[in-house]
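Student: The structure under discussion is supplied below as structure tokens; questions concerning it will follow.
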């Protein structure tokens with residue numbers, strides 16, 4: 001199993017509860033394929049450089065997970081079917097990246 005980092009972009013109209021529900025759904029998709037979510041960090045609302053699907057802003061979330069490399073294409077196909085996601089980018093991560101994101105998630109929780 002390899003470690004991956006995934007960035008989700010959700011539409012600006014989604015509230016915190018809807019984003020939380022969507023994150024549970026994406027986590028469930030990873031687990032259905034035998035993977036495991038290691039950490040999740042909400043980056044927040046950011047302005048796009050240019051409009052994306054008629055949106056000016058989006059909510060960014062970074063997720064680290066482990067998954068068998070042979071099942072990565074299946075996961076990408078499942079994410080394309082999710083209408084809540086504007087964009088998804090998955091890259092292979094190093095072990096040090098996991099710690100950095102876990103620290104940022106902890107700091108975000110403490111700052112409220």
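Student: What relative contact order, as a whole-number percentage, does the stretch 2-111 give when Cα pairs under 8 Å and 6 or more residues apart are counted?
Tutor: Details: 175 pairs, mean separation 47.3, N = 110.
Contact order relative to length: 43 percent.
Student: With a point put 7 Å past each Cα toward its Cβ, work out how far residue 91 is from residue 31 in nm, to one decimal.
Tutor: 2.8
Student: Rounded, prolate or oblate, given the Cα gyration tensor of the stretch 2-111, with a/c below 1.5 counting as rounded?
Tutor: oblate
Student: Here's another thing I want to ask about it. Mind giving me the nanometre distance, one decimal, between the label points for residue 84 and residue 3, set 7 Å out from Cα along Cα→Cβ?
Tutor: Between residue 84 and residue 3, the simple spin-label model gives 2.7 nm.
Student: Calculate the FRET efficiency for residue 74 and residue 14 from the Cβ-Cβ distance with a Förster distance of 22 Å, rounded to the nearest 0.05.
Tutor: Given R0 = 22 Å and the Cβ-Cβ separation, E is 0.30.
Student: Further, regarding this structure: Full-extension gain between residue 66 and residue 54, please, as 0.36 nm times their residue separation minus the C-alpha to C-alpha distance.
Tutor: Between residue 66 and residue 54, full extension yields an extra 1.0 nm.
Computed from the coordinates by the stated procedures, all read-outs in this text should not be read as laboratory data. What you see is a predicted model; the values in this text were computed from it and never measured. Glycine gets a Cβ as well: all are built from the backbone with ideal geometry, and neighbour counts include every protein chain shown.
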